[in-house]
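Structure, as structure tokens:
The values are calculated or read from the model by the stated rules, or taken from the named source; none is laboratory data. All values derive from a computational prediction rather than experimental measurement. Virtual Cβ from ideal backbone geometry, glycine too; neighbours counted across all protein chains shown. The accessibility values were calculated without ligands, DNA or RNA, using every heavy atom of the protein model including side chains. Shrake-Rupley method; radii C 1.70, N 1.55, O 1.52, S 1.80 Å.
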Amino acid sequence: MGNLDGKVAFVTGAARGQGRSHAVRLASEGADIIAVDICDQIGTVNYPLATSDDLAETVRQVEKLDRRIVASVADVRIRHQLTEAVAEGLTPFGRLDIVVANAGIYPGQGGSRCEAFIDATDVDLIGVMNTVAVSLPHLQAGASIIVTGSTAGMIEGATEKLGPGGSGYSWAKQTIARYVEALALQLAPQSIRLNAIHPTNCNTLLLHNIDVYKAFRPDLEEPTREDVVDAFPAMQAMPIPYIEPIDISNVVAFLASEQSRYMTGVNLRVDAGAMLKPAPV
Ligand SMILES: NC(=O)c1ccc[n+]([C@@H]2O[C@H](COP(=O)([O-])OP(=O)(O)OC[C@H]3O[C@@H](n4cnc5c(N)ncnc54)[C@H](O)[C@@H]3O)[C@@H](O)[C@H]2O)c1
């Protein structure tokens, strides 16, 4: 018996990282999964996004738990692709109870016309809003929507100090927090909940890439993992360099379940105390 027996969860960015971890964690509680991922590259992103082999591995891990999964390639920027992916999952499953709008990118600074800002906001904000929009018609009272923000949206001055990619990322995540509060209030009379989780640095490829390393070590032209080893723990109040995907998945599972039935419109930090620290002077 799991906390989510008989429920169906839609997870974006499910091919790897936190998205795969969420899909597997929700399946371990009894949910069937509708999974999507872009499985392709986006021009301004300087690290590899997931592949169809990654998505196949998520399918394998969910099925190993004796849960069903319908996985498709879809881009969260393109609303009709999400509509089709949800419809494909609804055919066998017949219902949708949980939505996890997790897909995200951290673009570099590339492009002469702020393309990195556009890509970041298209995926990290509009992609989240598209995911919610295509899901809402299928949700009933008791449904739970969880969107992924970031403490990057809470760091004083991040939107102004970073270049186009980091600025777009930070602004998108900041806007997610307001979006959740505004829409949660509208959904509350229907007993549909909407909450955001804001992770600190998490041990995935979105963190381990040259553009994030540059944000931590702006003094270096080509910072490597070794160069940021000391800078990473300085972010959190607790003595860790980063959290793991499962640390977010455990909170996703809680917010998806009845255990959190009266929590809505909440912006929940999972940040090892990062945002309690005073901003560097
Ligand atoms: N890793 C961190 O340090 C960190 C910190 C705070 C917040 N986040 C957020 O967590 C979420 C998950 O990221 P992650 O850390 O697992 O990184 P990740 O790069 O491992 O996973 C992101 C997934 O999203 C997919 N994706 C990207 N663009 C997409 C699109 N347009 N359509 C569909 N899928 C797309 C990627 O292919 C990948 O599988 C993101 O929203 C990210 O912004 C990450």
- Item | Proximal charge balance of PRO245 [Cβ under 10 Å; K/R count +1, D/E count -1] | +1
- Item | ³J(HN,Hα) computed for each position of the stretch 6-14 - Karplus, 6.51 cos²θ - 1.76 cosθ + 1.60, integer Hz, glycine/proline x | x, 8, 10, 10, 9, 10, 9, x, 8
- LYS161: which lysines have alpha carbons under 26 Å from its alpha carbon, excluding same-chain residues fewer than 8 sequence positions away? LYS173, LYS214, LYS277
- Query: On the first, second and third principal axes, largest extent first, how far apart are the outermost C-alpha atoms of the chain in Å?
  - Reply: 53, 36, 34
- Query: How large, in percent, is the carbon and sulfur part of the accessible surface of the chain at a probe radius of 1.4 Å?
  - Reply: 54
- Between ILE105 and residues 5 or more places away or on another chain, which pairs have amide H atoms under 5 Å apart, with H built 1.01 Å from N, and which residues are they? ASP124
- Query: Which cross-chain or sequence-distant (5 or more) residues have an amide H under 5 Å from the amide H of ASP75, H modelled 1.01 Å from N in plane?
  - Reply: none
- Query: In whole Hz, what ³J(HN,Hα) sequence does the stretch 231-243 give by Karplus (6.51, -1.76, 1.60; θ = phi - 60°), x for Gly and Pro?
  - Reply: 6, 4, x, 5, 5, 8, 7, 7, x, 9, x, 6, 8
- Note on the structure: For the stretch 112-124, in residue order, the Karplus 3J(HN,Hα) values (coefficients 6.51, -1.76, 1.60; θ = phi - 60°; whole Hz; Gly and Pro = x) are 7, 10, 6, 4, 5, 5, 5, 4, 4, 6, 4, 7, 7
- Query: Amide H of ILE33: which non-local residues (sequence gap of 5 or more, or other chain) have their own amide H closer than 5 Å, using H built in the peptide plane?
  - Reply: ALA9, ARG68, ILE69, VAL70
- Message: If each DSSP helix of 4+ residues adds -39,500 (n - 2.57) and the sum is divided by the residues in the chain, what number results at 222 nm, nearest 500 deg cm²/dmol?
- Response: -12000 deg cm²/dmol
